[in-house]
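Colleague: There's a structure below that I have some questions on.
The values are calculated or read from the model by the stated rules, or taken from the named source; none is laboratory data. None of these values were measured; they are calculated from a predicted model. Cβ placement follows ideal geometry from the backbone for every residue including glycine, while neighbour counts extend to all protein chains displayed. These area figures cover heavy atoms from the full protein model, side chains too; ligands, DNA and RNA do not enter into them. Shrake-Rupley method; radii C 1.70, N 1.55, O 1.52, S 1.80 Å.
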Amino acid sequence: MTSNISNEIVKARNTSKKDTSLLGRSPVLLVIDVQHEFLDSDGAVPCPATSVAGGPKEVIANVFRLVNAAKISKIPTIFTKETHRPSMVDMGRELDGDEPRHCLEGTKGPVLMEELGTDKLEDNQYLVPKRRYSAFIGTDLTFLLNAFKADTLILTGAATNVCVHYTGADAHQYDYRIKVVEEATAGTSPEAHQAALQSLEYLQHGAIVHLDEVIEAMKSFRHI
């Protein structure tokens, strides 16, 4: 019995290693904190640094393109939303650095950008509120990913150097393949944006991908 189980584990790992496609066998699109607090120029933590000429507005449009492509291809999409109680009792150490208070319930800050059309989630779309930078800490993200049998996480959103970076690093340590869509991320400064992308590429070679190649991969994706 033990031998059979061991053989199945080895077989699964070998199969995973052979899968070098961009989306893997079971991808999930993560839209991280595309909220007014981060994408508005007057938000508490603005993220003007992008890899596209159109800045944050173009990033939002690119995220929407990915959300729409995922919907057509029946790839699960998870929207994360940072939010904190007005008393900030749940904010922890977030105020120890450069960030001021942000994403307080009852303000415009934590609201997802209207361009995403998330006022009514469609089938295969999910919302995960979070209190920390990483979407894995204190949320039900892992439960959802287990349900989808996810192996590859496609990361988008803000801030590249904060919530995208920490979620990506945790995903790596949980043994997910990560793919960060460069044109669909925004950071707090050009230097921080680029450093975060380089850091994630350091963790997984091939982690940084481009919008057009992901869209094309989604168009031809078939669930296995």
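Colleague: Could you identify the single residue in ARG93, ARG85 that is open to solvent by 70 Å² or more (accessible area, probe 1.4 Å) and within 25 Å of GLN194 (Cα to Cα)?
Modeller: ARG93
Colleague: Enumerate the pairs (first residue in segment 172-195 and without any contact (Cβ under 8 Å) to a residue 40 or more places away in the chain and farther than 23 Å from VAL67 by Cβ; second residue anywhere and among the β-branched types (Val, Ile, Thr) and part of a loop (DSSP other than H, G, I, E, B)) with beta-carbon separation below 6 Å, excluding pairs fewer than 6 apart on the same chain, so at least 6 apart or on different chains.
Modeller: none
Colleague: Looking only at residues that are part of a loop (DSSP other than H, G, I, E, B) and touching a helix residue (DSSP H, G or I) at 6+ places or on another chain (Cβ under 8 Å) in segment 121-131, which one is surrounded by the fewest Cβ atoms within 10 Å (Cβ to Cβ)?
Modeller: GLU122
Colleague: Report yes if some residue within segment 102-119 is among the aliphatic types (A, V, I, L, M), under 28 Å from GLU58 (Cβ atoms), open to solvent by 20 Å² or more (accessible area, probe 1.4 Å) and assigned to a loop (DSSP other than H, G, I, E, B); otherwise report no.
Modeller: Within segment 102-119, one or more residues are among the aliphatic types (A, V, I, L, M), under 28 Å from GLU58 (Cβ atoms), open to solvent by 20 Å² or more (accessible area, probe 1.4 Å) and assigned to a loop (DSSP other than H, G, I, E, B).
Residues checked against (1) surrounded by 24 or more Cβ atoms within 10 Å (Cβ to Cβ); (2) part of a helix (DSSP H, G or I):
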| residue | (1), (2) |
| --- | --- |
| TYR133 | no, no |
| PHE136 | no, no |
| LEU144 | no, yes |
| ALA147 | no, yes |
| ILE154 | yes, no |
| GLY157 | yes, no |
| HIS165 | yes, yes |
| ALA171 | yes, yes |
